[in-house]
Each structure stands twice: as C-alpha cells, then as structure tokens.
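The values are calculated or read from the model by the stated rules, or taken from the named source; none is laboratory data. Not measured: the values here are computed from a predicted model. Counting neighbours? That spans all protein chains shown, and the Cβs are built from the backbone with ideal geometry, glycine included. When the accessible area is computed, the model is the full protein with side chains, heavy atoms only, and any ligands, DNA or RNA have been set aside. Shrake-Rupley method; radii C 1.70, N 1.55, O 1.52, S 1.80 Å.
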Amino acid sequence: MLGKMMHQSLLISNLIEHAAKYHADTAVISREVSGQITTTNWHHVQQNSKRLANVLKSFNLGQGERLATIAWNNHRHLESWYAISGSGYVCHTINPRLFPEQLIFIINDAQDKVIFFDTTFFFLITAIQDKVPTVEKFICYGARDEKVAAALPNVIFYDELIENQSTEFDWPQFSEETPSSLCYTSGTTGNPKGVLYSHRSTLLHSMAVCFPDSLNLSASDIVMPVVPMFHVNAWGVPYATAMVGSSLILPGPNLDGDSLVSLIDDHKVTLALGVPTIWQGLLTAAKARGTSLA
C-alpha cells in the first residue's frame, strides 16, 4: 500500500515558483560587470527565468542537452540557472580561470549546445569559438554591446532575447533523478572530470544547507555567496536561498576586500560564504575602513 499524502517531484523549478509565490518582494541584489548595482527580487527572477525558458523551448533542444554558462555571480546568471534546469536541460557552469585548452576539452566533452557568457569573458569566447563545434549559439548576458557584436558576428544578447517573451510558461514535469547541472573538476591530474547533479540531489542538498547545524538559513537572512556559481554551484546557496526566501546579494566580478566590505555594510549581510583568501582581503579592508561588518 502506498501513502495517501500529496506527491510532488523534487524539481528545481519548484524552488523558483515557491520563492516567487511566498517571497516575491524579497531582494535579489546584483553587482553587474559594469560595476552598477541592480536591485530585483525573487518575483523578477522567476519572471525572467520563464521568459528565457520560452526562448530555450524555441531552440528545439532535446531533454538533457547541456547549456553552458561562463559568468560571475549576478542576477542574469541566476535567472538562466532556473530556466535551463527547470526546462529539463543541464546547466553546465564553467570555470573561466582554466587554461583555454581545458575549456575547449570541457565544452567538447560535455557537447554543450549553447554558451551564455558575461562580457568580461568575450575575448575568451572569441579565442575558442572555432574549436567547440557542438556549440550552436553564443548568448552574451546584458544589453547589446557593439564591441562584442563586432568580435562575435553571430552573438545574441540576453536582454534583447528575453525582452518580448511571455512570462507564461508551464515547467515540464519529469523524473527528479533527471540531471540538472554539471560541474567539472579542476586542479587534478589528467583532464577535468564531469560531475553530474540531479534535481533530487540538488533539492535535498538545499534542504540540508538550511538546517540549524549547517548554514541555518531563514527568510530573515541576507546572504552573499562570494564563492563562484561555477564552483560546486556556489555551494548550493542560490537554490537554498530560494527555498527559504532569504535575500540574496550577488557580488559580480568585484571580489576585492573593499568592494565586499561595501556590500556587507550597505546591505546588512548576515551571512557571507567564500574561501579563506577572500576573507583575508576583506578583513584587511574592514580594518582600514574601521568597520565592524555588522
């Protein structure tokens, strides 16, 4: 005999729908490549993820196709995460700090069909574009940039791509064991190895992250993942914050101590996540500015 409670598969699309329904006005603040600070919210992230999902549907990709991102922690990157995985594709986050030969190997090994990228990395894209034959589309995050357009004649600009798209989209339903994201190892012997996450593993990890003996996240927190979204999915924080409705601060490319101190002080960050080298710079800047980071 089976249980009679209602059943819902553990899908990443449920996270963004939950955040938009119950925490719509909760802030998602992002530093852009330009240095500008953009303030949106979970409702806006959900709406744009659905706009992009409609675009991806028009690409006629097969379920499980890999779509890559080479980008900083920012709101467009976040929107595409939910659109890609929620649509049944695999979000392949790529570390831009790898050698070009490793990037080419990773993209070809994953057989990525689309690459989303920040303008910071367009020189990297132009250097490898002829060596990644499976890639059919290059999508630049942000508004039209004529310098990028001149270097990449077939580039598509994210803001133009989603601008006129509908926010109505029915997320497809599929097995929670379906692959959702892909990360490759770095700093190991031989070629990088791909690690494939499922929707189920991602949601269970997100739930564990929120537990009191883990990060103890709640809707009252203001969370800043300095750890990159291309590094183990920023330790799952972009998913966990949607699960509980925390405010999210995305620091973009400026990871120096002074920039991070400003974000913490200006937005009253309650939890920041990163590696020790990041905190060394941050503590030095905080001491110089005389701030308690409170």
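Just a few scattered comments:
- Positive-end residue, segment 1-144 charge dipole about Cα centroid, Cβ charges, pick of Gly142, Gln111, Ile125: Gly142
- Comparing mean-square fluctuations of Thr202, Thr167, Thr126 from a GNM of the chain with C-alpha springs under 10 Å, the top value falls on Thr126.
- Taking Cα centre as origin and charging only the Cβ of basic (Lys, Arg, +1) and acidic (Asp, Glu, -1) residues, the dipole magnitude of the chain rounds to 300 debye.
- Pairs from Lys57/Lys193; Lys137/Lys193; Lys113/Lys193; Lys50/Lys268; Lys147/Lys193; Lys50/Lys131 whose Cα-Cα separation, in the structure shown, is over 26 Å: Lys57/Lys193; Lys50/Lys268; Lys147/Lys193; Lys50/Lys131
- Per the Kirkwood formula applied to alpha carbons, segment 136-294 shows a radius of gyration over Rh ratio, Rg over Rh, of 1.01.
- Dipole-positive endmost among Phe169, Leu282, Ile70 within the chain (Cβ charges, Cα centre): Leu282
- Tensor-based shape of segment 37-178 (alpha-carbon gyration tensor, a/c under 1.5 rounded, otherwise prolate or oblate): oblate
- Spin-label model distance (nm) - Asp170 vs Lys137, 7 Å beyond Cα toward Cβ: 2.2 nm
- Ser30 sits among other residues whose Cβ lies under 15 Å from its own Cβ, and their net charge, with Lys and Arg +1 and Asp and Glu -1, is -3.
- Sites Thr189 and Asp213 - FRET efficiency at Förster radius 35 Å, r taken between beta-carbons, to 0.05: 0.50
- Of the trypsin sites (Lys or Arg not before Pro) found in segment 21-126, those that fall in a DSSP loop while having at most 11 other beta-carbon atoms within 10 Å are Arg97.
- Cα centroid separation, segment 264-294 to segment 138-200 (Å): 30 Å
- 222 nm mean residue ellipticity, helices alone, for the chain (DSSP H n ≥ 4; -39,500 (n - 2.57); rounded to 500): -11500 deg cm²/dmol
- Rolling a 1.4 Å probe over the protein heavy atoms gives the chain an accessible area of 46 Å² per residue.
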